[in-house]
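Q: I'd like to ask you about the structure that follows.
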Amino acid sequence: MHEEDARAWVAALINSVSHGDLIRVVVAMWAIWYARRKAIHENIFQSPLSTHSFVNNYVSDLLASKPPRAVKASVQTRHPKWLPPPAGCTKVNVDAAISKNLGRASMAAVAHDQAGMFLGASGVVLEGIADVETAEAIACREGLALASGLTLQSIWLASDNANVIRSYKC
């Protein structure tokens, strides 16, 4: 499928389904991509039933956690602005978070093209990670794996940990 055809398909999907159905489709695609990646790269196979159950539970949790609509306050807040990558590059943002109480770390990567179009995302949770820089380095590795999985040629890896970025000699 060509990129233009894919964009047209996504635009048609967004315009033709309700918001709730679109959320379910996106979560299902994410879960299938994750299961496929686990099967290819880690030789871990998930049953279709477990993937289906994950999608149902995730969507239910997402809808349950949706805050009630509140009246908008007149206070203006500044949100960080996404900065596009240099010409010819795809930007992969990575980040990590550590739960010191549970001894777990979550790492994630998100890829966007120069126009800010979402290309893909990946995440992993690992036990026994207590060091922030180790978690950030694993997040960078996850970003590189995402770029490889998406067959991206030229990437701009972005992290909020300057020490880890400096240690990569790409």
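The values are calculated or read from the model by the stated rules, or taken from the named source; none is laboratory data. Being a predicted model, the structure only gives us computed values, none of them experimental. Don't worry about glycine lacking a Cβ; one is built from the backbone with ideal geometry, like all the others, and counts go over all protein chains shown.
Q: Report, by residue number, each residue of the stretch 143-166 that is farther than 18 Å from W82 by Cβ and surrounded by 19 or more Cβ atoms within 10 Å (Cβ to Cβ).
A: V164
Q: Does V110 satisfy being in a strand (DSSP E or B) and surrounded by fewer than 16 Cβ atoms within 10 Å (Cβ to Cβ)?
A: No, not satisfied.
Q: So, one more: Within the stretch 85-94, does at least one residue satisfy the condition of being of a type in the set (S, T, N, Q), at pLDDT 85 or above, closer than 20 Å to L146 by Cα and touching an Asp or Glu at 6+ places or on another chain (Cβ under 7 Å)?
A: yes
Q: With the condition being closer than 19 Å to V124 by Cα and at pLDDT 85 or above, I'd like the helices (runs of 4 or more DSSP H) fully within the stretch 1-64 carrying at least 1 qualifying residues.
A: Of the helices (runs of 4 or more DSSP H) lying wholly inside the stretch 1-64, those with at least 1 residues that are closer than 19 Å to V124 by Cα and at pLDDT 85 or above span 19-42, 48-64.
Q: Any residue in the stretch 1-29 that's farther than 16 Å from V55 by Cβ: show its pairings with residues that are surrounded by fewer than 10 Cβ atoms within 10 Å (Cβ to Cβ) at Cβ separation under 8 Å, as long as the two are six or more apart or on different chains.
A: From residues that are farther than 16 Å from V55 by Cβ, the pairs are W9/M1.
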